[in-house]
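Laboratory data are not the source of any read-out in this text; all were calculated from the coordinates shown. From a predicted model like this one, the values you see are computed outputs, not experimental measurements.
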Amino acid sequence: MKRLLLTLVCALFTAAALHAASDGEVAARRTALDIAGAFTNDGFKLRDGSWAGNFAPGKPKLLQVNLYAGNQYWFTLGATPPAKKVLITIFDETGKAVESDPFQDTSVAAAGFSPQNSGTFFIKVEIVDGAAADFCLVYSYK
């Protein structure tokens with residue numbers, strides 16, 4: 001039994017390690033980081049890590065983050081060219097959309113806000129116009 005469990009754990013780690021970012025995900029990350037650079041010039045620190053993958057019109061992705069009251073946040077989304085217009089929407093833990101400061105330009109979007117309460121938030125990224133594409137979401141805080 002122990003041997004089977006160890007084999008399964010090793011297989012899971014190996015499978016996770018084998019996932020490499022696609023060329024599209026790398027391009028989307030570069031686009032997101034270009035926009036996020038403007039926020040770092042205003043004193044925001046880029047958070048380690050990112051979310052990347054593929055999304056399609058009508059099939060948004062929902063990401064969960066823990067945020068802290070008193071901080072300001074900017075979420076920046078980059079997508080590859082088949083996506084002509086993308087959107088970020090931020091929701092609180094009850095599923096209510098929160099007011100944010102939006103930015104949008106072709107296959108790039110950003111949303112900034114300051115939570116009133118610490119807790120779990122959900123970030124929805126979606127394609128509003130265009131075709132299925134690779135995306136990358138990064139965020140900054142101060």
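In the chain, Cα pairs under 8 Å separated by at least six residues give a relative contact order of 37 percent. Against the chain, whose longest principal axis is taken from its Cα atoms, helix 23-40 shows a tilt of about 40°.
Near the amide H of Gln72, within less than 5 Å, lie the amide hydrogens of Lys142, all on another chain or at least 5 residues away, with H placed in the peptide plane. Note: the chain, Cα convex hull, 139 Å³ per residue.
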